[in-house]
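Right, one structure below, let's go through it.
The values are calculated or read from the model by the stated rules, or taken from the named source; none is laboratory data. Only a predicted model underlies this, so the values are computations on that prediction, with no experimental measurement involved. Cβ atoms come from the backbone with ideal geometry, glycine included; neighbour counts cover every protein chain shown. For accessibility, only protein heavy atoms count, side chains too; no ligands or nucleic acids. Shrake-Rupley method; radii C 1.70, N 1.55, O 1.52, S 1.80 Å.
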Amino acid sequence: MAQYDLVVRNGTLATASDVFRADIGVLAGRIATIGAKLSAGRREINAEGHIVTPGGVDSHCHIEQRSSMGVMTADDFFTATRSAACGGTTTVIPFAAQYRGMSLRQVVKDYHACAGAKASVDYAFHLIISDPTDQVTGQELPALIKDGYTSFKIYMTYDALKLDDRQILEVLSVARRERALVMVHAENHDVIAWLSEGLLAAGHTAPRFHGMAHAPIAEREATSRAISLAELVDVPILIVHVSAREAMEQIRLAKAGGLKVYGETCPQYLFLTADDLDRPGFEGAKYMCSPPPRDKANQEVIWQGLVSGVFDVFSSDHAGYRYNDPEGKMKHGRNAPFKKVANGVPGLEVRTALLFAEGVGKGRIELPQFVALTATNAAKLYGLYPRKGTLAVGSDADLAIWDPDKEITITQSTLHDAMDYTPYEGKTIKGWPVTTLMRGETVAEGGEFIGAPGKGRFLKCDISPATVPLGRRTIAFDPETGSIEAAKQAEDSH
Ligand code: URP
Ligand code: ZN
Ligand code: ZN
């Protein structure tokens, strides 16, 4: 009788620390054995000549979420997760987004109602906190953290979402006390509002002015402020979707100073530029996201940040709004002023392959770093490790099997999301995840989706070790206990 449900044979396995040849034996959806010459499985996959990585973990994607301007994303939980599976990603962490006046508990219930029957890969949720009332910070958040929602995103811009510094401090304090991870969208709201008003008043309405309004200095200032507030509270934070040298430098300096500041960047900052926003007519709207793509020099800087470890995670920030659609980028017409165009670009399906081709394939990063950036680090940061994000005995058998020589030209007609464009149309890349397995079951093969809606399971996130504070208070007052003495002692012991 076969000892395993499945054996993946003869592959070159890559984890965040090693690359080695081995077979993987799978039993009941988990990795049961990693070794040489495993006995027979009921099913066998010959991975000779292929690279086997953990399934991708995309820890920043917007699915079935209404934007701050009220536009619904094109993808629901089925199309988004189908697309993820076809791109080698087996875990997604989208957002349960609170708008002002909403109960967080209800928001979470609503997102579960959307995801439950539709998700085809496993999923967890971050919370978006836009209304940190006493009820939210005192009761809902602590209870939700205990229930497995251990990370939340806050915004420093967007009228409908932004928190002021005082509110940020409240949220950071809850995160410190409860050991949650706060993700920060760091752009200075007033700078953007002031620049936008000036640009629009002068008749500069085209998509390319979105890039001008979201100045790198606005990103730098907010990143620096977020880091300062987190340092004051002594709590780790993660700065998401970093686009430019100025902001990246703040993270690099914070890390060099020993602070627990994590960084995330995304494909749009490696492969798109401000020139894309300047395409003829309204085409630039396809490339509008916040922060916006910068110039070629910044692309190189962001690559350096990936190579040198300033960035811990490489996520898609998938936020797809169709182009030629009154419910998408054109909600306010074909020539809508940039302020009225939904922000966001798709990227769930091509995220890992773009980094594989241009990072590993072009010798910028090694395979273990690729795995760390696309799967392992996110699983660790968000409390899903080692169940997700690695190849280890006991881990879920989530595997991406790569043909490193397969060349594809990215084109929307072969992708599996609900979009009508991809910002990477026509780009030829080498290396593609030709088979994706989720908990031992094949969910994508040879460019076809063969999973099913509802097969994805909700993942409760643990408290992540990444959230442990440094114990390095910057003020002689402990806001958690009200004590001055305790804080002073803590300080003196350093
Ligand atoms: O432009 C973007 N990134 N849209 C998605 C929402 C967000 O801020 O992450
Ligand atoms: Zn954001
Ligand atoms: Zn986002």
Subset of segment 244-301 (residues that are assigned to a helix (DSSP H, G or I), within 20 Å of PHE209 (Cα to Cα) and out of contact with any helix residue (DSSP H, G or I) (no Cβ under 7 Å at 6 or more places or on another chain)): GLN268, ASP275, GLU283, ALA285, LYS286, LYS296, ALA297
Residues of segment 268-292 that turn out to be without any contact (Cβ under 8 Å) to a residue 40 or more places away in the chain and buried (at least 24 other Cβ atoms within 10 Å of the Cβ), as a count: 1
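I'd like the full set of residues that are buried (at least 21 other Cβ atoms within 10 Å of the Cβ) and of a type in the set (Val, Ile, Thr), limited to segment 6-16.
Scanning segment 6-16 gives VAL7, VAL8, THR15.
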Every residue from segment 192-211 that is outside any helix (DSSP H, G or I) and surrounded by fewer than 15 Cβ atoms within 10 Å (Cβ to Cβ): ALA202, GLY203
In segment 325-340, the residues that are within 26 Å of the chain's Cα centre (by Cα), in contact (Cβ under 8 Å) with a residue 60 or more places away in the chain and under 16 Å from PRO280 (Cβ atoms): PHE338
Candidate set from segment 27-64 (those that are of a type in the set (D, E, K, R) and in a strand (DSSP E or B)); member that is least open to solvent (accessible area, probe 1.4 Å): ASP58
In segment 151-186, residue surrounded by the fewest Cβ atoms within 10 Å (Cβ to Cβ) [restricted to those that are under 18 Å from ARG105 (Cα atoms) and out of contact with any Ser or Thr (no Cβ under 9 Å at 6 or more places or on another chain)]: LYS153
Residues being open to solvent by 50 Å² or more (accessible area, probe 1.4 Å) and within 29 Å of the chain's Cα centre (by Cα) - total across segment 17-26: 4
Any chance PHE77 is in contact with a helix residue (DSSP H, G or I) (Cβ under 9 Å, 6 or more places away or on another chain) and either at positive phi or of a type in the set (Phe, Trp, Tyr) (or both): yes
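Consider segment 222-242. How many of its residues are assigned to a strand (DSSP E or B) and more than 15 Å from ligand 3 (Cβ to nearest atom)?
Result for segment 222-242: 1.
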Residue within segment 56-64 that is more than 18 Å from the chain's Cα centre (by Cα) and under 20 Å from LYS331 (Cα atoms) present: no
Condition broken by GLY148, with the remaining ones in (1) within 16 Å of ligand 1 (Cβ to nearest atom); (2) surrounded by fewer than 24 Cβ atoms within 10 Å (Cβ to Cβ) satisfied: (1)
